[in-house]
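Comments concern the structure below.
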Amino acid sequence: MAAVAALLLAAGESRRMGTAKALLPWKGTPLLLYQIDQLTQAGVSEVIVVLGHEAERLLPLAEGTSGVTVVVNPDYRQGRTTSIRAGLERVPSACDGIMVLAVDQPRTADILQRLVEEFEQRPSAIVAPEYQGRGGHPAIFARGLLDEMRAITEEKRGLREVTQRHRAELRRVPFETPEVLLDINTPEEYRDATARYGGSEAGQALHP
């Protein structure tokens with residue numbers, strides 16, 4: 001059975017949201033904890049949480065959980081690629097794949113588990129979900145791409161460069177839910193997403 005480690009990126013400044021996205025309520029719990037719990041339920045071998053902005057507020061939530069490693073990226077203001085590279089340094093040597101998921105892309109354990117199983121059963125360089133022909137997140141990258149992932153830069157669009165380079169080896173897994181496309185960046189997107197997926201009461205956490 002292939003071992004898949006997960007990078008959970010929670011280092012951004014949440015400028016468009018106006019408040020730390022990792023602390024927003026989602027199904028009755030802070031989004032950061034929800035994501036950790038769902039990844040754990042999905043059967044990933046290790047969850048590597050990368051913090052940066054407001055790390056001191058988020059550390060108590062993530063620390064001390066079995067199977068979770070916390071990395072604080074001091075260079076987070078230089079872009080997401082710095083957080084990905086920081087997290088990759090803590091990927092276990094025994095893992096066969098690396099799942100990359102942002103904290104503002106909430107996914108259920110069912111979605112994540114299916115991706116892990118697809119990677120285990122039919123390994124490809126990259127496995128990612130799609131909905132009605134549109135590519136979603138998260139993607140799982142084979143360990144053989146680790147050196148390329150460590151070399152990503154903001155100028156070359158980060159992991160998109162790796163994905164483009166291995167487009168012929170990218171396998172899309174079709175899902176029947178648009179949840180695989182969910183990406184929450186603004187208060188409006190958060191309210192819409194919580195009403196549809198996260199419980200309508202959570203949308204009340206933000207004020208117009």
Query - R122-L59 pseudo-label distance in nm [points 7 Å out on the Cα-to-Cβ vector] - result: 4.5 nm
Report summary line: Everything considered on the Cα gyration tensor (a ≥ b ≥ c; rounded for a/c under 1.5, else prolate if a/b is larger than b/c, else oblate), the range 1-95 must be described as oblate
Report summary line: With label points set 7 Å from each Cα along the Cα-to-Cβ direction at T153 and E189, the distance between them in nm comes to 2.7 nm
Report task. Have a look at I36, I152, I98 and tell me which one the Gaussian network model of the chain (Cα, springs below 10 Å) gives the largest fluctuation. Result -> I152
Requested in this report: Starting from one equal scatterer on each C-alpha and no solvent at all, send me the Debye-based log10 I(q)/I(0) for the chain at q = 0.19 Å⁻¹, two decimals.
Outcome: -1.53
Query raised in the report: Where does each of S83, S45 land when they are ordered by accessible area, with a 1.4 Å probe and the largest first?
Result: S45, S83
Query raised in the report: Rounded to a whole number, what % of the accessible area of the chain do carbon and sulfur atoms account for, probe 1.4 Å?
Result: 45 percent
**Report entry** Local net charge near G158, Cβ-Cβ under 10 Å (Lys/Arg +1, Asp/Glu -1)
**Finding:** +2
Report summary line: Rounded to whole Å², per residue accessible area for the range 52-136 with a 1.4 Å probe reads 46 Å²
Report summary line: Across all Cα atoms of the range 94-135, Rg and the largest Cα-Cα distance (Dmax), in Å, are 11.0, 34
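Can you give the calculated 222 nm mean residue ellipticity of the chain, where each DSSP H run of n ≥ 4 adds -39,500 (n - 2.57) and the sum is split over every residue, rounded to the nearest 500 deg cm²/dmol?
My calculation for the chain gives -8000 deg cm²/dmol from helical runs alone.
The values are calculated or read from the model by the stated rules, or taken from the named source; none is laboratory data. Predicted model, so just to flag it, every value in this text is computed and none were measured. As a convention, Cβ positions derive from the backbone with ideal geometry for all residues, glycine included, and neighbour counts pool all protein chains shown. These accessible areas exclude ligands, DNA and RNA; they are computed on the full protein's heavy atoms, side chains included. Shrake-Rupley method; radii C 1.70, N 1.55, O 1.52, S 1.80 Å.
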